[in-house]
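Here the structure comes first, spelled out in structure tokens, and everything after it is commentary.
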Amino acid sequence: MSDFGILSLLPPLVAIILAIWTKRVILALFAGVWIGGVMTSGWNPISGTTQTLDWIVKNAIDDWNVKILLFDFLIGAGVGLIYKSGGAFAIGRALANRVRSSRGASIMGWILGVLIFFDDYTNTIIVGNTMRPITDRTRVSREMLAYIDDSTAAPVAGLAIVSTWIGYEVGLIGDAFKDLNVSYGAYVAWMHSVPFRFYSILAILLVLIVAATHRHYGPMLKAEMRARTEGKVLRDGARPLMTTEVDLGMPKEGGSVHIFIWPILTLIFVTLYGMWYTGGGSKTYATDGIMGVLGNSDSALALLWGSFAMVVVAFFLVLLTKQMNIEEAEDAIIKGMKQMVIANTILLLAWSIKSATDAVGTAPYIVDIAKSAGVTGGVVPLIVFLVAMFISFTTGTSWGTFSIMMPIAIPLAYGVTGYVGPEVFAAIGAVFAGGIFGDHCSPISDTTIMSSMFSGSDHIDHVTTQIPYAVTASTVGLVLYLLFAIGIRSWGILLPVGIILLVGAWYVLTEWYGKKYGIPHGKVPIYVVEE
């Protein structure tokens, strides 16, 4: 890794600026990777191109990555079968009597997102695919669905007591304590850090608020108004990552809810079993508990098993019910996989830009700046949160941010206080909250991409409509860390204050944007499906 100083920010900034400016995320990501390759090759464009291709190839054959790519193709195949057979529309019809309004659909998406707490990838898949026909029917914009999907994925999984995240999170805390020779329970410290993860908690609450009130601001207000008044769940010219309707055509009539329910349940249960099995099962559970099992599990392999099982069950169901013949089913599988080509290309380039940022030293440069400003214990969480936000947004990875920041945040907080207390817990919470901010709203984050993918949203539209909400929650989080820095150490005081500030900010913004766009109070009408 070379010392490029401030120039180390160039690859992620090029990718993000080009993605927002050109609305061509593949071109933008490749440009970011290429800039990194040129920098590490002595600014030689030919050698830089060779290095760029080398990073892409290495990421394509990485064990974890290739499982995720295959998993995406299989999910596409399963979605293709379920959609073409009419199963997705059947579940929409079955829920029609219960969910008949845009408000009901939005709230139901939030509830489902909170219930699927055990894995962020599985969350985006199930919420997006389950809710898309329902939100389309009730005129909820694809941008809003993607926002609901994204905001109940990483923020929820990161807080869950049992999830694919907690083993990794607790492990990082334990390693930091071990290096400091601190005999304090890592899991206990994790539990104490949860109330200090202000961004994650506020982001989840904000989704519920806007879903229930239908009061929006920023680009989302226009998107929701368009969907409600014009019936266009996508803007004209939008390029959704999953073009199901275009690729597969109209679904067959007479679809059964069973063709939707059983493949989805198979995906969930086989994935959970896969995590249990690859994590060591009962043997690991006997010594380390469920956290040990999840921490040792190969979640990518488990997801691959689950998606394959989903396709198998869906395939046999459509044949047994005679909803499709073998030729039609095979065609749906292939076309379903085709839907994932663009999305997988983006994922591959997102991983590759992480290689580029590692090579030019983006994250260490940011961390060194933060460490150089001598701080007190109360200020540590604020600085950690800001740095983690920036790293995760520019690199698009939460787990990578965790691995960079946790070995610095805990020693820094412990070193200036001399004990494991609120300062250490808040610093831990700030690492996770800041990392999830980037995972939540960076255009080059895998879960942001997958939320666009499975919600059928234009990716840049999803990013631009979601960012104002993410910034609102993160700004309130910053205020709470500022209050922590000046001496308010109790989360029991800080969280209620944060909720009040969040509601106040939401109210002011909806009023202001409502006046700006001529939509009173920023409130879009509630659409009710007619009989």
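The values are calculated or read from the model by the stated rules, or taken from the named source; none is laboratory data. Keep in mind it's a predicted model, so treat the numbers as computed, not measured. Neighbour counts are summed over all protein chains in view; Cβ atoms, including those assigned to glycine, are modelled from backbone coordinates with ideal geometry. Protein only, heavy atoms only, side chains kept; ligands, DNA and RNA dropped before computing areas. Shrake-Rupley method; radii C 1.70, N 1.55, O 1.52, S 1.80 Å.
Residue 299 falls short of the stated requirement of being surrounded by fewer than 21 Cβ atoms within 10 Å (Cβ to Cβ) and touching a helix residue (DSSP H, G or I) at 6+ places or on another chain (Cβ under 9 Å). For the structure I just gave you, tell me whether residue 193 is within 16 Å of the chain's Cα centre (by Cα), modelled with pLDDT of 90 or more and of a type outside the set (A, V, I, L, M). In short, no.
Residue-wise test of (1) open to solvent by less than 50 Å² (accessible area, probe 1.4 Å); (2) over 26 Å from the mean Cα position of the chain (by Cα); (3) not hydroxyl-bearing (Ser, Thr, Tyr).
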{"site": "486", "(1), (2), (3)": "no, yes, yes"}
{"site": "490", "(1), (2), (3)": "no, yes, no"}
{"site": "496", "(1), (2), (3)": "no, no, yes"}
{"site": "501", "(1), (2), (3)": "no, no, yes"}
{"site": "507", "(1), (2), (3)": "no, no, no"}
{"site": "511", "(1), (2), (3)": "yes, yes, yes"}
{"site": "514", "(1), (2), (3)": "yes, yes, yes"}
{"site": "517", "(1), (2), (3)": "no, yes, no"}
{"site": "521", "(1), (2), (3)": "no, yes, yes"}
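Looking at 296, 325, just one residue is at pLDDT 85 or above and either over 27 Å from the mean Cα position of the chain (by Cα) or over 13 Å from residue 79 (Cα atoms) (or both), and that residue is 325. Filtering 173, 209 for residues that are of a type in the set (Val, Ile, Thr), part of a helix (DSSP H, G or I) and either touching a Cys at 6+ places or on another chain (Cβ under 6 Å) or farther than 22 Å from residue 411 by Cβ (or both) leaves a single hit, 209.
Yes/no matrix, rows are residues, columns are (1) open to solvent by 30 Å² or more (accessible area, probe 1.4 Å); (2) in a helix (DSSP H, G or I); (3) under 22 Å from residue 7 (Cα atoms):
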{"residue": "378", "(1), (2), (3)": "no, no, no"}
{"residue": "389", "(1), (2), (3)": "no, yes, yes"}
{"residue": "404", "(1), (2), (3)": "yes, yes, yes"}
{"residue": "407", "(1), (2), (3)": "yes, yes, no"}
{"residue": "412", "(1), (2), (3)": "yes, yes, no"}
{"residue": "416", "(1), (2), (3)": "yes, yes, no"}
{"residue": "425", "(1), (2), (3)": "no, yes, no"}
{"residue": "430", "(1), (2), (3)": "no, yes, no"}
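Against the criterion of being under 18 Å from residue 218 (Cβ atoms), touching a helix residue (DSSP H, G or I) at 6+ places or on another chain (Cβ under 9 Å), open to solvent by 10 Å² or more (accessible area, probe 1.4 Å) and at pLDDT below 95, residue 458 qualifies.
Listed here are the residues, each with its yes/no results for (1) surrounded by 15 or more Cβ atoms within 10 Å (Cβ to Cβ); (2) touching a residue at least 24 places away in the same chain (Cβ under 8 Å); (3) outside any loop (DSSP other than H, G, I, E, B); (4) polar (S, T, N, Q).
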residue	(1), (2), (3), (4)
271	yes, yes, yes, yes
285	yes, no, yes, no
288	yes, no, yes, no
304	yes, yes, yes, no
313	yes, yes, yes, no
318	yes, yes, yes, no
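All conditions but one from (1) outside any loop (DSSP other than H, G, I, E, B); (2) open to solvent by 20 Å² or more (accessible area, probe 1.4 Å) apply to residue 450; the one that does not is (2).
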